[in-house]
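The structure under discussion appears below in the form of structure tokens.
The values are calculated or read from the model by the stated rules, or taken from the named source; none is laboratory data. Worth saying up front: this structure is predicted, and the values here are computed from it rather than measured. A quick note on method: Cβ atoms are made from the backbone with ideal geometry, for glycine too, and the neighbour counts reach across all protein chains shown.
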Amino acid sequence: MRVQRHTTGSVRYDKRRKTWNYLWYEGPTRRSKRVGTKQEFLTKAAAWKEVERLEIRQSKAQNGDTVRSVISRYEAERMPSRHSTARVYRSFLKNHILPKWGDSEIQAVQPRPVELWLRELPLSPKSKTHVRSLMHGLVEFAMWSGLLEISRNPISLVQNKGAMQRVRKPRSLTAEQFHALLKELHEPFATMALLSVCLGLRISEALALRWSDVDWLESRLSVRRGIVNQRVDDVKTEGSARTFDLTPELLERLRSTIKRAVFSDAESWIFASPIRLGRLPYSYTGVCRELERAADAAKLGHFGTHTFRHTYRSWLDAVGTAVAVQQLTSPREDAGIQLVREFRLITRDQFVGLSCQQTMLNTSKETREVCHWGRSFSPGGGICVIPLGDRPSRFPSKYAMYEDSAVIT
């Protein structure tokens, strides 16, 4: 029997989701709103009472500004210009924020219901953090545009516990595994993988490289752009746009690649796709297919392109250097020294390894006596120590001593 549609709408029970839903029409468009679960409202009459309360709020919202109207203005005035970022924002807005808060007044958004709603979202902790940040941005925008009084943002009170916890442990490759993968990868994907691991590039940055980004005389490579879904855009963060010094081995690898390349003029992509006649680089999907084939041949299991970036970081962490200080540490005013570390990935014949050149600079105007310790590249691992003067020293096992000189200038 067909249920008659009234102008006031109707309440239906969804057996699959086990929820009460309020359905109505706005002109030719059908709208729906989740009322609650069967446990919250045992009967249809109870659900209708909740709908009456919601209708009161909706009629009030006509005189105010709803979250939906704020989002419309936000998309027109404040949506990030980077295509991939805007695409993720629109996905969060469409699939999560609008269904729950679209018809609510922006003035009625309070931290407690937002936090309880955030806990129930079927998303990873990191994605919940992004949704929270987006809600925070919407309220900030409402203040900026004069829809709300300027005051403390209520979303700043919302907590997302476990925001830094990973759902899956990131995978990284050992030097032996990476070498086995290189042997199975076809060109130019092998060169792409080598650049990603050597320099810690995202796949979007590696695919967006042009031959004009290579400085053949100075042995340098500049990262200036990224490409996502075959749309060229800026790099993900400001710090990602930088210039790298290339080892002779990497530079020679690029020379070999450009000699074989069909598209080799300055503005051509280094990893130009022959299917697109060189107008675009290989797609992310094409890279993943080749990576999956090579990983199966090398019996390494499944992993994605971001594994190269994790590998880069894990190799640096293995020698005791965080990525944030991999090139230069801040000078210590009390010691008058500055520690510079330069890491290079060495690939020669059957050998793949990581080298480190460490330099201590005297930033003061006088001679300094320094005792430095840190993780070591010695076979036993452990600590490297520069002793002061001729003082007797005793160290536990697996410690290694470097330089007999007590004075570093």
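For segment 198-238, what are the residues that are under 18 Å from residue 273 (Cα atoms), of a type in the set (Gly, Ala, Ser) and crowded, with 20+ Cβ neighbours inside 10 Å?
Scanning segment 198-238 gives 204, 206, 208, 226.
Considering each of 148, 138, 134, 116 in turn, give the residue that is assigned to a loop (DSSP other than H, G, I, E, B) and either within 22 Å of the chain's Cα centre (by Cα) or assigned by TED's automatic domain parsing to the domain that holds residue 102 (or both).
On the way: 138 fails: assigned to a loop (DSSP other than H, G, I, E, B); 134 fails: assigned to a loop (DSSP other than H, G, I, E, B); 116 fails: assigned to a loop (DSSP other than H, G, I, E, B).
Testing whether each residue is assigned to a loop (DSSP other than H, G, I, E, B) and either within 22 Å of the chain's Cα centre (by Cα) or assigned by TED's automatic domain parsing to the domain that holds residue 102 (or both) leaves just 148.
Quick check on residue 193: is it crowded, with 21+ Cβ neighbours inside 10 Å, within 30 Å of residue 264 (Cα to Cα) and in contact (Cβ under 8 Å) with a residue 12 or more places away in the chain? Steps first, please.
Numbers: crowded, with 21+ Cβ neighbours inside 10 Å: yes; within 30 Å of residue 264 (Cα to Cα): yes; in contact (Cβ under 8 Å) with a residue 12 or more places away in the chain: yes.
So residue 193 passes the test.
Please go through segment 80-113 and pick out each residue that is part of a helix (DSSP H, G or I), polar (S, T, N, Q) and modelled with pLDDT under 90. Full working, then the answer.
Start the filter on segment 80-113 by keeping residues that are part of a helix (DSSP H, G or I), which leaves 83-101, 106-108, 111-113.
After this cut, where a residue has to be polar (S, T, N, Q) as well, the list is 84-85, 91, 95, 107.
Within segment 80-113, 84, 85, 107 qualify.
What are the residues in segment 159-182 that are on the phi > 0 side of the Ramachandran plot and either at pLDDT 85 or above or among the acidic types (Asp, Glu) (or both), if any? Walk me through it before giving the result.
Step one: list which residues in segment 159-182 are on the phi > 0 side of the Ramachandran plot, which gives 162.
None - no residue of segment 159-182 is on the phi > 0 side of the Ramachandran plot and either at pLDDT 85 or above or among the acidic types (Asp, Glu) (or both), so the list stays empty.
So which residues in segment 246-262 are in contact with a strand residue (DSSP E or B) (Cβ under 6 Å, 6 or more places away or on another chain), of a type outside the set (S, T, N, Q) and surrounded by fewer than 18 Cβ atoms within 10 Å (Cβ to Cβ)?
The answer is 249, and nothing else.
Going by what's in this entry, would residue 287 be described as modelled with pLDDT of 85 or more, more than 20 Å from residue 185 (Cβ to Cβ), of a type outside the set (Ser, Thr, Tyr) and outside the structural domain of residue 80 (by TED's automatic domain parsing)?
On the way: modelled with pLDDT of 85 or more: yes; more than 20 Å from residue 185 (Cβ to Cβ): no; of a type outside the set (Ser, Thr, Tyr): yes; outside the structural domain of residue 80 (by TED's automatic domain parsing): yes.
Answer is no for this residue.
Taking the conditions exactly as written (within 13 Å of residue 171 (Cβ to Cβ), of a type in the set (Val, Ile, Thr) and at pLDDT 85 or above), does residue 307 satisfy them or not?
Working: within 13 Å of residue 171 (Cβ to Cβ): yes; of a type in the set (Val, Ile, Thr): yes; at pLDDT 85 or above: yes.
Yes: the conditions hold for residue 307.
Quick check, is residue 94 buried (at least 17 other Cβ atoms within 10 Å of the Cβ), within 29 Å of residue 75 (Cβ to Cβ) and not small (Gly, Ala, Ser)? Before the answer, list the steps.
Values: buried (at least 17 other Cβ atoms within 10 Å of the Cβ): no; within 29 Å of residue 75 (Cβ to Cβ): yes; not small (Gly, Ala, Ser): yes.
No: the conditions fail for residue 94.
For segment 226-276, enumerate the residues that are of a type in the set (D, E, K, R) and under 18 Å from residue 198 (Cα atoms).
Narrowing segment 226-276 to residues of a type in the set (D, E, K, R): 231, 233-234, 236, 238, 242, 245, 249, 252-253, 255, 259-260, 265, 267, 276.
Residues satisfying the conditions are 242, 245, 249, 252, 253, 255.
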